[in-house]
Amino acid sequence: MNDMWSSHFFWKFLLSSAGINCLVIILFSSFLMRYSEKLLIEESNNRLGSAIAFLGLDLNKKLETQDKEQLQRAVRSWSDKLDLRITVLAPNGEVIADSFFHDPTQFRDTENHKDRVEITQAAANGQGSSQRVSATVGSSLRYLAIRVGNKTNPKGFVRVAIPTERLNAALSEKRKNIIWGAVATGAIVLGVSIWFGGRTVRAVKSIDAAVQKIAFNGPPAKVYLPDRDEFGTLGDHLNRMSIELGKQIQRLQENQSRLATVLEGMGEGVITVDYTEHILFANSAAGMLLDFDPQEATQKPFLEAIRNHVLHEAVVQSIGGNTPKIQEIEVGENHDRILRASFTPMQGDPCPGIVIVLNDFTDLRRLEMMRQEFIANVSHELKTPLSAIKAYAETLQRGAIEDEVHRKRFVERIEEQAERLHQLILDMLQLARVESGKQAFDIHAIAVSETVKSCIDDFLEPTQSQTITLTYDPPNEDLFVQADAEALRHILNNLIDNAVKYTPENGSITVRWRREYEMVVIDVVDTGIGIAAKDQDRLFERFFRVDKARSQELGGTGLGLSIVKHLALNFGGQVGVSSELGKGATFTVKLPLAEQESRSKQILPASHPTS
């Protein structure tokens, strides 16, 4: 009920209907009043006309005698019966009888009525009427007069009169009844309007509540309208629409959820941009590739959210050109990442926007560069010994083979280069097997101290000849690593051999190991030439050498440290280096800690990314 009285529609409907009803009732009441007045006047005139016609016949013979007393008695008698004022006039307008008086002596001094309007009309036309205040009676009367006799020789005039107060009283009563009837009708119409308006408002409010529920909470929402009219039909249609809309929204949400899951699970970045260059959607991969928050970027201008002018220019061209395009773009602070972006316009004319798909080609480009460098390095490494072998062989063919003094030295050089070439091939094959994960390892607990001692014993003779001190510094406890015994020897041999090559005479090399949580850390510390900071990150790459001339002179292949790195990764460990030019270097290998009683097992290690 409160909703009804607070409804703007209800008040508009109520005021408009009440106004129209009031106007109709007023107009109809006015018409009834005028029509009642007309009927009363006609009724009065008919009464007066009937009475005067009858009186004219009755008084016709009496007028011939001019007996005033007889006329007075007759007039008084008829006046009492008809409840009318009756006046009889002589042809000259003299009053000879009047029901207002009791005897003729009372109206002898009454003025002549010849000039009265009704008498004048009766003398001319046979009948006349008027309404005025009577000088005799002193009140308003309605008169009707007829001529008795012919026009040329009238016998006199008979006039009847009725007080207008009677007409006014009757008319007032009629008006009162009409007014009360109008008020009652207006009240009934107003009640019906309130009832109908309230019913309409309740129906509209129910429909509005259902629509708002659909708008804010989503379908389905039901409206209950008991009446089986147009509003009831509308409510039924709304209920069916709500159910169907709910099903469609559920299907759309499921599709959107699946699409969002697919887009979020994609490794490629996806961005949709409308024709105004505002971002409509971006997945997490796009945010990571371009370093922005996809949630905050939604509905923002593209250049404001993603500050990359090259990418923005490509977006503008794609929206304007309406044709797909592919472009590689460098991103990142140092332009160290390469993205391949494809721009596909959406269907529509004009173009409503574009879809951008981003692929990170950084690793692919890096692998291509590594492949190119690997091919160049392998070619270079193979070229040097092969060129030397070819040169010595040609020299021998040209006659040096007959030279007993030089031929032995040339053959020794050929043998050295062949051995270098053989070792290079062996290292490349081993590195390929380790990287591919096809090399089988016998993983078990290995005593670090025994392996270190064995490796140091292998290098005692060359280090003594170079006056290099080679020692080891064991911890206070026996430590075991989970690894392959031969692979661990290979790791230590490569690190010690590398230290021996770059440590000058009277230098020292120390191997030490310790426990750090669940790992065993093995350090190979030397007092060699050291490594510059700029070269330390690339030290474990294939064929990378800090001093290429010295490395080739010492017979290094440039693959030893790369093999160390991949072997350590296969065992779940890692390698590192810390060094300073002129102050030696410390190579560190971390391998998983193992218990001595761990059982041996043979596994194929997982492959790892190449350097």
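The values are calculated or read from the model by the stated rules, or taken from the named source; none is laboratory data. All of these numbers come straight from a predicted model, not from anything done at the bench. Cβ: placed from backbone, ideal geometry, glycine included. Neighbour counts: every protein chain shown. When the accessible area is computed, the model is the full protein with side chains, heavy atoms only, and any ligands, DNA or RNA have been set aside. Shrake-Rupley method; radii C 1.70, N 1.55, O 1.52, S 1.80 Å.
Checking segment 159-173 against the condition returns no match, with no residue being in contact with a Pro (Cβ under 6 Å, 6 or more places away or on another chain), surrounded by 12 or more Cβ atoms within 10 Å (Cβ to Cβ) and either among the aromatic types (Phe, Trp, Tyr) or modelled with pLDDT of 75 or more (or both).
Can you find a residue in segment 264-278 that is surrounded by 13 or more Cβ atoms within 10 Å (Cβ to Cβ), of a type in the set (S, T, N, Q) and in contact with a Lys or Arg (Cβ under 8 Å, 6 or more places away or on another chain)? No, segment 264-278 contains no residue that is surrounded by 13 or more Cβ atoms within 10 Å (Cβ to Cβ), of a type in the set (S, T, N, Q) and in contact with a Lys or Arg (Cβ under 8 Å, 6 or more places away or on another chain). Screening Thr105 on (1) at pLDDT 80 or above; (2) surrounded by fewer than 18 Cβ atoms within 10 Å (Cβ to Cβ) shows it passes everything except condition (1). Within segment 1-28, residues that are hydroxyl-bearing (Ser, Thr, Tyr) have Cβ atoms under 7 Å from residues that are at pLDDT 75 or above and assigned to a helix (DSSP H, G or I) in these pairs: Ser17/Ser193, counting only partners at least 6 apart in sequence or on another chain.
Considering the conditions (1) part of a helix (DSSP H, G or I); (2) at pLDDT 80 or above; (3) not aromatic (Phe, Trp, Tyr), Asp115 is excluded by exactly one of them, (1). The residues of segment 214-233 that are modelled with pLDDT under 75 and part of a helix (DSSP H, G or I), listed by number, are Ile214, Ala215, Phe216, Asn217, Glu230, Phe231, Gly232. For segment 520-538, give me each residue that is in a strand (DSSP E or B) and open to solvent by less than 10 Å² (accessible area, probe 1.4 Å). Hits for segment 520-538 are Val520, Val521, Ile522, Asp523, Val524. Scanning segment 254-263 for residues that are under 22 Å from Leu339 (Cβ atoms) and open to solvent by 60 Å² or more (accessible area, probe 1.4 Å) turns up just one, Val262.
Any residue that is assigned to a loop (DSSP other than H, G, I, E, B), of a type in the set (A, V, I, L, M, F, W, C) and modelled with pLDDT of 85 or more - is there at least one of those in segment 257-272? Within segment 257-272 (the criterion being assigned to a loop (DSSP other than H, G, I, E, B), of a type in the set (A, V, I, L, M, F, W, C) and modelled with pLDDT of 85 or more), the answer is no, since none of the residues qualifies.
Considering segment 33-72, the residues that are among the aliphatic types (A, V, I, L, M) and open to solvent by 50 Å² or more (accessible area, probe 1.4 Å) include one that is modelled with the highest pLDDT, namely Leu39.
Looking at (1) assigned to a strand (DSSP E or B); (2) surrounded by fewer than 19 Cβ atoms within 10 Å (Cβ to Cβ), can you tell me which one Met241 breaks? Of the numbered conditions (1) assigned to a strand (DSSP E or B); (2) surrounded by fewer than 19 Cβ atoms within 10 Å (Cβ to Cβ), the odd one out for Met241 is (1). Within segment 454-484, being open to solvent by 40 Å² or more (accessible area, probe 1.4 Å) and either charged (D, E, K, R) or touching an Asp or Glu at 6+ places or on another chain (Cβ under 7 Å) (or both) holds for Asp457, Asp458, Glu461, Gln466, Thr467, Asp473, Glu477, Asp478. The residue of segment 279-314 that is farthest from the chain's Cα centre (by Cα), among those that are open to solvent by less than 60 Å² (accessible area, probe 1.4 Å) and of a type in the set (S, T, N, Q), is Asn308.
A quick yes/no check of all residues on (1) more than 24 Å from Leu559 (Cβ to Cβ); (2) not aliphatic (A, V, I, L, M):
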{"site": "Asp457", "(1), (2)": "yes, yes"}
{"site": "Leu460", "(1), (2)": "yes, no"}
{"site": "Ser465", "(1), (2)": "yes, yes"}
{"site": "Thr471", "(1), (2)": "yes, yes"}
{"site": "Ala483", "(1), (2)": "no, no"}
{"site": "Asn493", "(1), (2)": "no, yes"}
{"site": "Asp497", "(1), (2)": "no, yes"}
{"site": "Val500", "(1), (2)": "no, no"}
{"site": "Thr503", "(1), (2)": "no, yes"}
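Yes or no: Val75 open to solvent by 80 Å² or more (accessible area, probe 1.4 Å) and modelled with pLDDT under 80? So Val75 fails the test. Segment 275-377 holds helices (runs of 4 or more DSSP H) entirely within its bounds, and those carrying 2 or more residues that are farther than 28 Å from Thr261 by Cβ and β-branched (Val, Ile, Thr) map to 309-321.
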